[in-house]
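J.: Starting off with a structure, shown below.
The values are calculated or read from the model by the stated rules, or taken from the named source; none is laboratory data. Here the structure is a predicted model, which means the values were calculated and not measured. Glycine gets a Cβ as well: all are built from the backbone with ideal geometry, and neighbour counts include every protein chain shown. We work out accessible area using only protein heavy atoms, side chains counted, and drop any ligands, DNA or RNA first. Shrake-Rupley method; radii C 1.70, N 1.55, O 1.52, S 1.80 Å.
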Amino acid sequence: MTFVRRPWRLLAEASALLIALVVAFPLYWMVLGAFKPAGEIESSEPRPWTLAPSLDSFRRVFEQNEFGRYFLNSLVVACTVVIVSALIAFLAATAVTRFRFRFRTTLLIMFLVAQMVPVEALTIPLFFLMRDFGQLNTLGSLILPHIAFSLPFAIWMLRGFVKAVPQALEEAAYIDGASRSRFLWQILFPLVFPGLVATSVFSFISAWNDFLFAKSFIISDTSQSTLPMALLVFYQPDEPDWGGVMAASTVMTIPVLVFFVLVQRRLVSGLGGAVKD
């Protein structure tokens, strides 16, 4: 049986390796372009290596006066979206799982339907909504939509984690004298924390890499722009600075990688729990 399965296993491993290479190659090309001299980037015969790495592209990125502000704005937006959406999703998932109320099933279906609506289709209505609320040219115009778009997925995913906690555990906590709020934050919250980490990763990436909302809602006040908008500084239609674009993209990728490293263990257990459920 081992000899029968081995070719299929080798084929699966080779396919997984090929897919990993295809996924990783754009990242490699981005980092390579960030270290290439300008002459090699503009060459008509591109090579997948460089013999003269240079930091000039990174120097141009960090010499931009507003780059630090853009980085801080992106960090504020992403962290606020992660924290607020995680707390709201946890409370909402607990409500739709532990309590029976009217239109509960309808609400869950609406969560699924909300994920099917393209973000592009709602950009113009959201623009007028932000204008009426006086949020244009503020970080609030980026934070609020991302919280709204991340909640349906987060609630639906956390629902499985809350449902997996035995009802008997809650009853035992009440018998021991725990209040509902104490059970919620001291018992239930730690148990579903891996699920919160998994949903937070998706929320963080979505908010950190957002370009559509940043371009649509931040019109005149460039001090409220985020990192994706900084790429436009290096991309000029007449003379694009591809080295600067690649270097800025590499810098943008570092916080996401750091976030993954910090939460990787919780992320794996969270995704495993979601699949098991």
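J.: Within region 96-127, which residues have the backbone N less than 18 Å from the label spot 7 Å out from ARG180 along Cα→beta-carbon, could you tell me?
T.: Flagged as within label range: 96-104.
J.: Skip the ligands, DNA and RNA, and give the accessible area per residue of region 65-271 with a 1.4 Å probe, whole Å². Mind dumping the intermediate values first?
T.: Working: 11020 Å² over 207 residues.
With the other protein chains kept in place, region 65-271 gives 53 Å² per residue.
J.: Using only the C-alpha atoms of region 7-53, find the volume of their convex hull and express it per residue in Å³. Don't skip to the answer; put the middle values down first.
T.: Numbers: hull volume 4.0 nm³, N = 47.
Residue-normalised Cα hull volume stands at 86 Å³.
J.: When the dipole is taken about the Cα centre of region 69-167, and only Lys, Arg (+1) and Asp, Glu (-1) are charged at their Cβ, what size is it in debye, to the nearest 20? Could you put the intermediate results ahead of the total?
T.: Values: 8 positive and 2 negative charges, 94 e Å.
Charge dipole, region 69-167, about its Cα centre: 460 debye, nearest 20.
J.: Roughly what angle does helix 242-276 make with the longest principal axis of the chain, taking Cα atoms, 0 to 90 degrees, to the nearest 10?
T.: 20 degrees
J.: Taking a ≥ b ≥ c as the square roots of the eigenvalues of the Cα gyration tensor of region 78-190, is the shape rounded (a/c under 1.5), prolate (a/b larger than b/c) or oblate? Mind dumping the intermediate values first?
T.: Numbers: a/c = 3.05, a/b = 1.98, b/c = 1.54.
Taking the square roots of the gyration eigenvalues as a ≥ b ≥ c, region 78-190 is prolate.
J.: Could you please state, rounded to a whole Å, how far the C-alpha centre of region 194-263 is from the C-alpha centre of region 123-155?
T.: A separation of 17 Å, based on Cα centres.
J.: Taking Cα pairs under 8 Å and at least six residues apart, what relative contact order does the chain come out at, in percent?
T.: Working: 268 pairs, mean separation 83.3, N = 277.
Relative contact order comes out at 30 percent.
J.: At ALA20 and PHE127, where each label point lies 7 Å from the Cα along Cα→Cβ, what is the point-to-point distance in nanometres?
T.: 4.4 nm
J.: Relative to the longest principal axis of the C-alpha atoms of the chain, give the angle of the C-alpha long axis of helix 119-132, reported between 0 and 90° and rounded to the nearest 10°.
T.: Taking Cα atoms only, the helix is inclined about 80 degrees.
J.: Using a 1.4 angstrom probe on the protein heavy atoms only, line up ILE254, ILE205 by accessible area, largest first.
T.: Sorted descending by solvent-accessible area, the residues read ILE254, ILE205.
J.: Relative to the longest principal axis of the chain, what angle (0 to 90°, nearest 10) does the C-alpha long axis of helix 2-35 take?
T.: Tilt of helix 2-35: around 60 degrees.
J.: Right, another one. Rounded, prolate or oblate: which fits the chain, taking a ≥ b ≥ c as square roots of the Cα gyration tensor eigenvalues, rounded meaning a/c under 1.5, else prolate when a/b beats b/c? Can you show the working numbers first?
T.: Numbers: a/c = 2.37, a/b = 1.40, b/c = 1.70.
Because a/c hits 1.5 or more and a/b fails to exceed b/c, the chain counts as oblate.
J.: Continuing with this model, one more query. If you average the sequence gap of Cα pairs under 8 Å that are 6 or more apart and divide by the length of region 23-105, what percent do you get for the contact order?
T.: Numbers: 27 pairs, mean separation 16.1, N = 83.
So the answer I get is 19 percent.
J.: Using only alpha carbon pairs under 8 Å that are at least six residues apart, calculate the relative contact order of region 130-277 and give it in whole percent. Mind dumping the intermediate values first?
T.: Values: 105 pairs, mean separation 51.6, N = 148.
Reported relative contact order: 35 percent.
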